[in-house]
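Working notes, structure below.
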Amino acid sequence: MSGKQPGAPVGNTSLTPVGSPNRVQRRNGQNPGSQRFTSPPFPRTEENTPDPSKSNMHSTFAERVYQSTGKLRSNAGSESLLGSPLSPRRQGADASFLLSPLTSDRAPSSGLADTSELDNGLSPASKLKRLSQGLNAQGTSTSLFGSPIQSPWSTPGLKRTQPSSTPTTSLRSGGAVASKENGNKQPGSAIPAAVVDLPSQRLYALAAFVLFTAWKLYDAIDLSIEPGSTSFYLLLKWCLLDAAIWYTCWRLDIPRMSINVHTMYILIALSVFINLNLFFLSSSIFMLAVKPLAINVASSCVRTIKQIPLLGPRLVGDSDLLIDSFELDDEHILGRHTIHVLPHSLAHMNPGSKSLCIDGKASHGEPWYWKYMSDILGPYREQQTTIPILINGTQPTSITYAYTSFETGQKHLRTIKNIGAMQMEISTVYPSLGNWVMATYYLPVREVGAYEIQSVKDAKGLAFRTATHAPQTVVVSCPRARLQWRADSSSADSFTVGSDGHASICQRVDRGEPNDAAAAGIRASDGLIEAVVEGYEPIEMTIVRLVNGHREVIGLDGIRPRISEGPMPNAVEGSISKTQLAEIKKWARFRSRKSVYVINDTFLRAGEYVYKLESVRDAANHTVTLSESNSAGIFNGKNGEVGKATSYMARIQVHRRPSVGWSNGLLQGELPLRLSDDKQRNKRHNLPLRLNGQAPWTVEYLVINGDETTRESKKFLTMKDAFIAADRAGVYQLAAVYDKHCSGLIERTNITLMHTPNPTANVRSTPLTARECGGEIGAEVDLELSGRPPFAVHYRELNLRFPNSKPIVRVVRTQQRRHSFKIIPELAGTYRFEFFRLEDDNYPSGLPISTTIEQSVHAQPSAKLDTVGGYIPRRVCLGQDVKLPVRLKGQGPWELTYNIVHENRRISQTVKDIANESYDIGLGSFETPGEYTAEIVQVKDGNSCARDLLDVSTTITVREGGSQVGFQCPEGGVRVLDGEQARIPVRVSGEFPVEIKYHKVGDTTGHVYKAVITNGPRGAAKEDSVPAYGPGEYELVSTSDICAGTVDPLNVRCPVRVEPKPSAWFVTEGLNYKDGTGNVDGIWQLAAVCEGSTTPAVFELGLNGSGPWKIEYSVDYWSSSNSRSGIPGYADRSTTHTSVALQPSTLKTECCDPGLYRYTMRGVSDERYQRAQPLATIRKAIAPDAGVTVVEHSVSKSPLAELRAYLPDGTPLSASQSSSHSHGLFRHKPTSVKYCLAPGQTKAEGDAQTWAKVREHLPVFRVEFDKGGVPPFQAWIEVFPASGPSEVMQIRDIDGFSQEVVLPDSVASQIGRYHMRLVKTSDSRGCERQFVSASEVGLGRPDKSGKSIGGGIEIEYIEAPSARPASTSSAANPSRDVCVGDVLAFDLRGLNSWNVEYMYNGARRVTPAAKRLFRRIADVPGNFTLARVCHRSANDCCSEFDDLSYAVHDIPRVRVSGGKDVYQDILEGDTGSIRMDLTGTPPFTFTWQRRSLDHRGPDGKGKVLESHTVKDLNDYTYTINTASEGTFEVTFVQDRYCQYPKA
């Protein structure tokens, strides 16, 4: 109880601090001498002060740990954390979470809060966590919901007193609530504490939450009883309620139960998720997990509620949970009797005679910390060698074995008494023998030597039998091996070991002489890797070497090691006895020895060398696999990385030595290289290098210039930049090369660079004199040149007679250093020749020179080819007369000398007395084809002044033959559409342009067509075409280019044909011809079809042309009511259609509306004629396929009918509007006629007279036809009985337009609601009208709400309900005897809503039933009677029963050995007695079994060894005497009426 001061307002009380004030102040950082409290202390009330000596007994482990950390220091008069001795003022009662008023709602003025309320019910660890994490700077901590709790240093048992005036501070979830008292923030609920105190608010809120949770669980369980059921209403209801609950919780803000807005949203989302799984997602994982548990809990609750006297059965009723969850108690068969037979125990060491070894690494015992963690981690299992000891018997308690050392040969006896610490594997368990097992114990060994078992004893001190003459178990050291680098490895090949343990060297060379001084001393040497192996010799090792992906296996099994050593016996032969020495020698061969092997490799190939020590095997066949799994992939052809080096794997990267040489392009070019100052030449040469290796490279080279030699080096990062910039003359020689790893090889080829001198020219001239020409005619110039040819000398030629004329610049080129040439101008005058520039190969830009020559020139004759006034022949034909036009200058007459050059033969001819300046040289005709050159070499004028001419010539090509041509006619000729021009393909060869002449065969006019092929490849044939002028066969006449050609005789003709136009017509076969009347012509018609026919008629089409065809046709329609049917221009509608057809093809007719249809073909197109070709209108043809393009087709109207219902007096029950769109559908539903018939009053069950009276009041149904049909009619009516499939009834020979529908008694006499609708009608013409498609027949069953099907009439019979025992239920037993636990199930008939009245042991009960199967559980012995069943919707329809009474009998029981589990040990030959007591009604039948004791059966029990069934036992006891071992139990018991377990 907590005390309140009188007059203190509720909600404003606080705790008075207790203890040393100095202690409290020190913990808050105040001076001990200062007073913290502003108000005087209030009087304290002591109550139930506990005994200090008893409080320590309640101190928990967490409290003691907390105190031991020094966080609590006990002072005089102070109290411990939770239960240490307190001052006499301590109170003995703590307030609870809900009932203590304001325990932490208002903290004391000291700033400390009480934790007693939150500490109650918490574990010590939770208390310690809350105390260590919840303290704030003022010594307060925050509760679960955010309100402050009392500090652990305050006294938890104090009376509440009136608070001081000191302001208090508290923390709240979601932020502090501002309080107007003294300006401080204080916690508070939305409901004032003066109205309802805070503990009561928390109590009410918790009660409301529990109530809503129970309500939700009830809804969920009630919904889950029906499998697969869901409810959107419940989902919506509980989502809204949960949202309202969490919103109210947030708004009320009750301390310790307050939540912030973020928590509210999270809780609402979580509630929606739970509601989805409970009420909407019937197959969710959440429901699958929760539903079985919820049903079990609900079933338990229902059974508990039912036990409440009087009220219980009324609340629970006949819930299905009681039936589905009913289980018989397990006390009907009680007791088992187990008999054990115990044999002798056996022990055998190393039964498999396995060879064992111990790893050389030191074995250690369990770690020091294992004894503290053994409860969690289990016994310590060290990876060590163990010797198996097979035990067959009871559990041993001690094992004694002998150990012989290989070093001393002495034998030692050792005993293990802590058998439980040994590793054990149980192979066979004998449950019938108690603790008898067949198990293997593993004896841990840590020393090499020989072991043998001496003795084994169990808890009774009985010795086990051990195997005689068993060999000793020898344990040797396991073979070990590792790879290591040789310490004396040579450094000549740059051998280095990286940080990852792998090594690298440079590629070695063969033992021949190196090709470079830099490689001197680099030869293949000894190996770099050693394999160190220890173990029982002889030892074999398997080493795998991977060289650039190629796998090789190295076996070391007979190689002499480099180093071999081993432990020697510690004893000296002179200091021990002969016996001990003999023992030492006996076991010496099992000692471990160490050997070192060197793995030699030449490393002549560059790449990656990976060595993996895979396994090692000793003489005892102990094979140890050494390699790690992470490197196995690369040795199996898979991609991977080697990783870091280990003791079993090493990698040597053999780097390829670099090489350097001058590039091939440099060596194959012009050498030596020249340095020139010309701008078009190089002042510096980049000497490209050819490098191999890994970047970067350093190349050293020598520059030798006379006696001066310079050594230089250059570094290259990439091969692209590998060149030496040479700008000095000299010999460049490569000296050395180094790449990233190694020094390399060089090529001995030198490159020479030299400076080039400037070219010079010496020009001398000599006048050329001809007396016939009147003096000097020019000058002969001699050039003496120096430099590098070719040379080019530039000079300007200026005629001084014309000083203002522009000088002519001429160039003289020569390959000789001495060169002469003549300058003979054409015009007379004084000439100045200025030589101003000289070029050679080194200076292509040229150097200036200055030499001038003046020369007087007299006039001379000249001759040129006349390209203006004449034609210069270039290509001529063989035998053609050729003339060469020439234009002459000077004083005539002229004499002209010319040469004809052909095939290295030259013919010179002279033409004299040429009087005209224009003259044609007659070359005549050439006799052989080829190229001829005509040269004019000299011209002489009338003064006999001769002048030699240069470069006045032309080349004439003489062809032997002309062009060739032939038709490339396709197979069948050239085909063309009507109205289009065709082109005939030709193949032409010759000199283009080529002219082709051809004519049409058989053309009487003899007209010849010409075509010119203008362009084509020279010397090759061209494929082209020539136009054709109409159909016919064309023939080539001739061809020519510059010469007459030839025609290919094999391809001289080609026919041209016009493709026939497509045509289409209606095939008249199968059609009927209708003769014309008056002005109307006859026409072909298709047989008439009925309206709505599912198989429309088709016209067969005749087609000519190249398919597919596109047919355009028109359809004219005259309705059946049109009086001018068939007359053009009076059609009701006309439409045009397009159809794509293949051969053979048909045209589908229209059959929707009754009337006359006329089809007329308008046009057709095919694959060749893309544009439609018009067709003539032909109504009649001579032949069947001669082109009929107009046909007709008629559609007869189908009969229309409706179903109508009338009362027996003829009054219509419904007035359905007769229209073309109703099709038998009724617009109004007739009033349902309901008759409640007692069972047996129907036609099927009662007499015909009773049924006739009932039928007099039933409505009459008629089918009525439209006047458009032709009788007699037929009607098909679909009838839907109350149950079962629908039935289609056919009415034949309806002569009139109305007929009564008489339903068969098998349909109309059924109980329930049935429907009927019109499916199909037909008339005498065979026309049918389908009201319901065939696919929908049978699919018109009414829905659950009772709405009628789409069209038709309905009527309903109600039969009084009935009940029959379900055939699969115990209620169907004719003897009416049932057992407890049986479900009495009855099939209820009638409407799906009943009230069932029954009596159980005299108690009458009425219960509603919504399912057809009514079930009740027979849970107690007695009598059950089903009295009456009524319809809930019509209570006046009931049925009473007098033959549904049942006697409920109890289940028989059996007790084995008094109903207890008896365990009996017997010796071999003894027998045991087993008694069985039975309860029930004799005679009894029961089955007992004997099971083995190994518990290996499918049900977790022992295997069934034997099984016996005792029948017709009239006694209540049965005894079995047996000497067999096993567990005896009863599995089945049966009396006169019942059995257990149930079938």
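Calculate the length of the line joining the C-alpha centroid of the range 954-994 to that of the range 857-891, in whole Å.
36 Å
Show log10 I(q)/I(0) for the range 980-1067 at q = 0.17, 0.19, 0.21, 0.23 Å⁻¹, two decimals, from a solvent-free Debye sum over equal Cα scatterers.
Taken in order of the listed q values, log10 I(q)/I(0) reads -0.73, -0.87, -1.02, -1.17.
So, by mean Cβ neighbours within 10 angstrom, what's the order for 883-890, 1417-1424 with the highest one leading? Before the final figure, lay out the partial values.
Working: 883-890: 19.2, 1417-1424: 16.4.
Going from most to least packed, we get 883-890, 1417-1424.
What accessible area per residue, rounded to a whole number of Å², is obtained for the range 761-876 using a probe radius of 1.4 Å? Please list the in-between numbers first.
On the way: 6260 Å² over 116 residues.
Spelled out: the 1.4 Å probe surface of the range 761-876, per residue, equals 54 Å².
Compute the length gained on full extension between ALA244 and GLU327: take 0.36 nm times their separation in residues and subtract their Cα-Cα distance, giving the result in nm to one decimal. Let's see the in-between values first.
Details: separation 83, 0.36 × 83 = 29.88 nm, distance 4.13 nm.
My answer for the length gained is 25.7 nm.
Sorted by average packing, counted as other Cβ atoms within 10 angstrom per residue and highest first, what order do 1189-1195, 1041-1047 take?
On the way: 1189-1195: 21.7, 1041-1047: 18.6.
Those peptides, ordered most packed to least, come out 1189-1195, 1041-1047.
Filter the cross-link list LYS1197/LYS1267; LYS1460/LYS1501; LYS411/LYS460; LYS612/LYS644; LYS457/LYS586 down to pairs whose alpha-carbon distance in this structure exceeds 21 Å.
On the way: LYS1197/LYS1267 11 Å; LYS1460/LYS1501 18 Å; LYS411/LYS460 28 Å; LYS612/LYS644 12 Å; LYS457/LYS586 32 Å.
Pairs exceeding 21 Å: LYS411/LYS460; LYS457/LYS586.
Under the Kirkwood approximation for Rh and a Cα-based Rg, what ratio Rg/Rh is obtained for the range 681-731?
Result: Rg/Rh = 1.01.
Taking N as the number of residues in the range 911-1064, what value does Rg over Cα atoms divided by 2.2 N^0.38 Å take?
Here the Cα radius of gyration is 1.63 times the empirical estimate.
Could you estimate the translational diffusion coefficient of the range 1015-1061 from the Stokes-Einstein equation, with Rh from the Kirkwood formula over C-alpha pairs, at 10 °C and 1.306 mPa s, in whole µm²/s?
Details: Rh = 13.1 Å.
Answer from the Stokes-Einstein relation: 121 µm²/s.
Could you tell me which of rounded, prolate or oblate describes the range 1391-1460, using a ≥ b ≥ c as the square roots of the eigenvalues of the alpha-carbon gyration tensor, with rounded for a/c under 1.5 and, failing that, prolate when a/b is larger than b/c and oblate otherwise? All intermediate terms of the calculation are to be shown ahead of the outcome.
Details: a/c = 4.07, a/b = 2.74, b/c = 1.49.
Prolate is the answer for the range 1391-1460, as a/c is 1.5 or above and a/b outweighs b/c.
Restricting to DSSP loop positions (anything but H, G, I, E, B) with no more than 13 other Cβ atoms inside 10 Å of their own Cβ, which GluC sites (Glu not before Pro) remain in the range 1442-1543? Could you put the intermediate results ahead of the total?
On the way: sites: GLU1468, GLU1506, GLU1525, GLU1529; in loops: GLU1468, GLU1525.
The qualifying sites are GLU1468.
The values are calculated or read from the model by the stated rules, or taken from the named source; none is laboratory data. Note that the structure is predicted; figures quoted are calculated from it, not measured. Neighbour counts are summed over all protein chains in view; Cβ atoms, including those assigned to glycine, are modelled from backbone coordinates with ideal geometry. What goes into the accessible areas is simple: the full protein's heavy atoms, side chains included, and nothing from ligands, DNA or RNA. Shrake-Rupley method; radii C 1.70, N 1.55, O 1.52, S 1.80 Å.
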